[in-house]
Amino acid sequence: MKFRLPFAPLVALRFLREGRMQTLLILAGTTGGVAVIVFLTQLITQLQAQIVDRVLGSQAHVVIRPAEEVNRRAIDDAGFASIVEPRAQRLRSIDQWENIARLAADMPGVTAVSPVVTGPAFAVRGQASKSVALMGVDAERYRRIVRMEEYMVAGRFAVEGTRAVIGSELAKDLGIRMDDKLRVALPNGRDELLQVGGIFDIGNRDLNRRWVFVTLPLAQSLLDLPGGVSNLDLTVADIFEAQPVADRLRGATSLNVESWMQTNAQLLAALRNQSVSNNLIRSFVVIIVALGIASVLVVSVVQKQKEIGILRAMGASRSMILQIFLIQGAVVGAVGSVLGSMLAFTLLNVFSAIYRNADGQPLFAAELEPRFIAMAALVATCVGLLSALIPARRAARMDPVQAIRS
Amino acid sequence: MSAAPVIELAGLTKAYNLGTPVETEVLHGIDLSLAEGEFAALIGPSGSGKSTLLNIIGLLERPTGGRLSIGGRDTASLSEAEITQLRGRSIGFVFQFHHLLPAFTALENVMMPSIIARGRPDDEAEATALALLDAVGLKAHALKKPAELSGGQQQRVAIARALALRPRLILADEPTGNLDTHTADDIFALLREFNRQSNCACLIVTHDPRLAARCDRIVRLVDGRIADDLPTAAETNP
Ligand SMILES: Nc1ncnc2c1ncn2[C@@H]1O[C@H](COP(=O)(O)OP(=O)(O)O)[C@@H](O)[C@H]1O
Ligand SMILES: [Mg+2]
């Protein structure tokens, strides 16, 4: 038993094979269109994911801080003109932070909560003195906010007693190596001698210069916040759900809750604009490909007028003729999506070999996610089908006698 | 004549461009019936309406007025789908210009009516088609495309195709019109042979009085009317 195609696909494929030049042309157009879309989508998705990843590599998804202190007017009378100046915010603790932390941890979507005590200090060694941010953390919990262990260039990310972890820039500026001593001095006059137990490079010069990690109790006592924390850092399961989570927490606690999406609003707007222009390009390409397929099929219907008439005279129904041309459109779309995905893969390989980051790493990976190929195949096949609709209906409506008489 | 009528036309008219200033009636009240096994010639001057009549009988066009029955069924009440099906299963066409599908082999062309009727090719249709090609002397050319065949060979393929579903009615519009006399005789003989074998009714448009004389009956059409409809001497031939 050999495999035999049913009538409509059989005739559709034969027609495509017969119109060799036309078929090659629309296939080339569809392939090019699919390649552009898949390549662009893969590239932009990767680059955006990288940017977001880099930003979130040193940032909590959501940060809870004490409510801002505002000046209240003693006399709430509309008759008085007054200037209300914002107050300078002093270092304060979150009231009952343990309860808030428990509340946050129980919130759906939140995967980690880490208390942090942070405040300004000076790192002093010999004559040199640098302004730093003292970060009191529980290393175990903080690791689930920022993946510090991945950034360690020396030692481990662990703090205990007076052991501290500092950034590579600060180490360089002060000439500090592992196990060296380092004094921190605070504006309130307190100071402490720390021992460096780890050096990190987080890929951000400013943070490499500023962050000095110590234990939570040490930071609390140095910063005069006994038992208190200045903020709670949160990690959420879906980074783009950070905003709703923040909103819910703000509503529940009336504290100052900020998501990374607010902190990086400009970046997000830029990414969004990029996505919009990418969608615009994709839509145009889809339209152009659809018009290409449709116009070639319109010509093909006219050329095949006689064959259509013959088929009708032999008992082919209108819907059979309709199917023949719809299948041609779908086949062009499907084959074009396979070839286009292959071309996109080649392009990704070529460009990832050419474009490299400052560190010599490829700017993007030359890989194609299967879901993009599936998406391209689905879209291209549907576009092929839809573009074939008008030509196919013309073919189905054609008068068989006209074709046979001439 | 006791054989059942395959087609019956009563007062059949056809007008083109109906309701426009250039409205022209091409057929004016045709009465005609063709019985099983009958082999009739349709003759008449060019433009007299022969092709139009054949296309209407072949259900490719609808008449403007009058009645057309095929196999005892009045076609006026049939839906588009029923018409298409009736055309595919009961009627075999042979056109002046063979009208084969250039993208398909001779064998596939002959199988096509069955592919359409059954939805896909099958072994039985292939066997039938091969037997038909054998009968028209083209078994060796089964896998050739129409373009690789001569005019006479193409027309034989077209005849084999018209016979593929063993139709009750064969309509041929100048099937030998552009063939040389010798080839024309061959083609005509083939049609005649199948007519005798399968007892189908045949209506054949021809300009060749020699060939017309070899039919059972000659229907002459002049200006859209049947001028005469006479049996030939050939009918008495064995
Ligand atoms: N689609 C049409 N529109 C208008 N007139 C037509 C059409 N088809 C055929 N005719 C006219 O009908 C007449 C009969 O044509 P036809 O049946 O082809 O004659 P024959 O086959 O006998 O030569 C001719 O005058 C022709 O011009
Ligand atoms: Mg004619």
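Sort out which residues of the range A:1-52 are surrounded by fewer than 18 Cβ atoms within 10 Å (Cβ to Cβ), closer than 19 Å to A:Ala334 by Cβ and more than 14 Å from chain B (Cβ to nearest Cβ), and write them in order of number. Once the filter is applied, which keeps residues that are surrounded by fewer than 18 Cβ atoms within 10 Å (Cβ to Cβ), closer than 19 Å to A:Ala334 by Cβ and more than 14 Å from chain B (Cβ to nearest Cβ), the range A:1-52 yields A:Leu24, A:Leu25, A:Ala28. Kindly provide the set of residues from the range B:42-77 that are hydroxyl-bearing (Ser, Thr, Tyr), away from ligand 2 (no atom under 13 Å from the Cβ) and in a loop (DSSP other than H, G, I, E, B), ordered by number. Scanning the range B:42-77 gives a single hit, B:Thr64. If you go through the range A:378-406 and keep only what is part of a helix (DSSP H, G or I), within 16 Å of ligand 1 (Cβ to nearest atom) and crowded, with 19+ Cβ neighbours inside 10 Å, you end up with A:Pro400, A:Ala403, A:Ile404.
Of everything listed in (1) more than 14 Å from ligand 1 (Cβ to nearest atom); (2) under 29 Å from A:Glu307 (Cβ atoms); (3) surrounded by fewer than 18 Cβ atoms within 10 Å (Cβ to Cβ), the single unmet condition for B:Arg62 is (1).
Return a yes/no flag: does the range A:329-342 have any residue that is more than 22 Å from B:Leu59 (Cβ to Cβ) and within 23 Å of the chain's Cα centre (by Cα). Yes, that holds for at least one residue.
Might you check whether a residue that is touching a residue at least 40 places away in the same chain (Cβ under 8 Å), within 16 Å of ligand 1 (Cβ to nearest atom) and within 19 Å of the chain's Cα centre (by Cα) occurs anywhere in the range B:146-169? So far as the range B:146-169 goes, no, none of its residues is touching a residue at least 40 places away in the same chain (Cβ under 8 Å), within 16 Å of ligand 1 (Cβ to nearest atom) and within 19 Å of the chain's Cα centre (by Cα). Checking each residue in the range A:299-342 for being more than 9 Å from chain B (Cβ to nearest Cβ), surrounded by fewer than 24 Cβ atoms within 10 Å (Cβ to Cβ) and more than 14 Å from A:Ala392 (Cβ to Cβ) picks out A:Gln303, A:Ala334, A:Val335, A:Val338, A:Leu339, A:Met342. Checking the stated criteria, B:Glu23 turns out to be acidic (Asp, Glu) and away from ligand 2 (no atom under 16 Å from the Cβ).
Among the residues in the range B:78-94, are any part of a strand (DSSP E or B), within 14 Å of another protein chain (Cβ to nearest Cβ) and within 14 Å of ligand 2 (Cβ to nearest atom)?
Scanning the range B:78-94, I find at least one residue that is part of a strand (DSSP E or B), within 14 Å of another protein chain (Cβ to nearest Cβ) and within 14 Å of ligand 2 (Cβ to nearest atom), so the answer is yes.
B:Asn109 meets the conditions (1) touching a helix residue (DSSP H, G or I) at 6+ places or on another chain (Cβ under 8 Å); (2) more than 10 Å from chain A (Cβ to nearest Cβ) in every case but one. The failed one is (2).
Any residue at all in the range B:190-207 that's closer than 20 Å to A:Arg405 by Cα and surrounded by fewer than 20 Cβ atoms within 10 Å (Cβ to Cβ)? Looking for residues that are closer than 20 Å to A:Arg405 by Cα and surrounded by fewer than 20 Cβ atoms within 10 Å (Cβ to Cβ), one finds at least one in the range B:190-207, hence yes. Of note, A:Phe364 does not satisfy the criterion of being assigned to a helix (DSSP H, G or I), away from ligand 2 (no atom under 16 Å from the Cβ), away from every other protein chain (no Cβ under 14 Å) and at pLDDT below 90.
Here's the yes/no breakdown for (1) more than 16 Å from ligand 2 (Cβ to nearest atom); (2) at pLDDT 95 or above; (3) surrounded by fewer than 21 Cβ atoms within 10 Å (Cβ to Cβ):
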| residue | (1), (2), (3) |
| --- | --- |
| B:Arg118 | yes, no, yes |
| B:Gly151 | yes, no, yes |
| B:Ile159 | yes, no, no |
| B:Arg166 | yes, no, yes |
| B:Pro175 | no, no, no |
| B:Asp180 | yes, no, yes |
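Checked against the criterion of being more than 21 Å from B:His182 (Cα to Cα), of a type in the set (A, V, I, L, M) and in contact with a strand residue (DSSP E or B) (Cβ under 8 Å, 6 or more places away or on another chain), the candidates B:Ala76, B:Ala106, B:Ala142, B:Ala81 yield just one match: B:Ala76.
Checking every residue in the range B:23-38 against the condition of being small (Gly, Ala, Ser) and either surrounded by 16 or more Cβ atoms within 10 Å (Cβ to Cβ) or within 20 Å of B:Phe95 (Cα to Cα) (or both) gives at least one match. If the condition is being assigned to a helix (DSSP H, G or I), out of contact with any helix residue (DSSP H, G or I) (no Cβ under 8 Å at 6 or more places or on another chain) and touching a residue at least 24 places away in the same chain (Cβ under 8 Å), then the range B:210-232 contributes only B:Ala212.
The values are calculated or read from the model by the stated rules, or taken from the named source; none is laboratory data. In this text the structure is predicted, and so the values were computed from the model without any measurement. Here the Cβ is made from the backbone with ideal geometry for all residues, glycine too, and neighbour counts use every protein chain on show.
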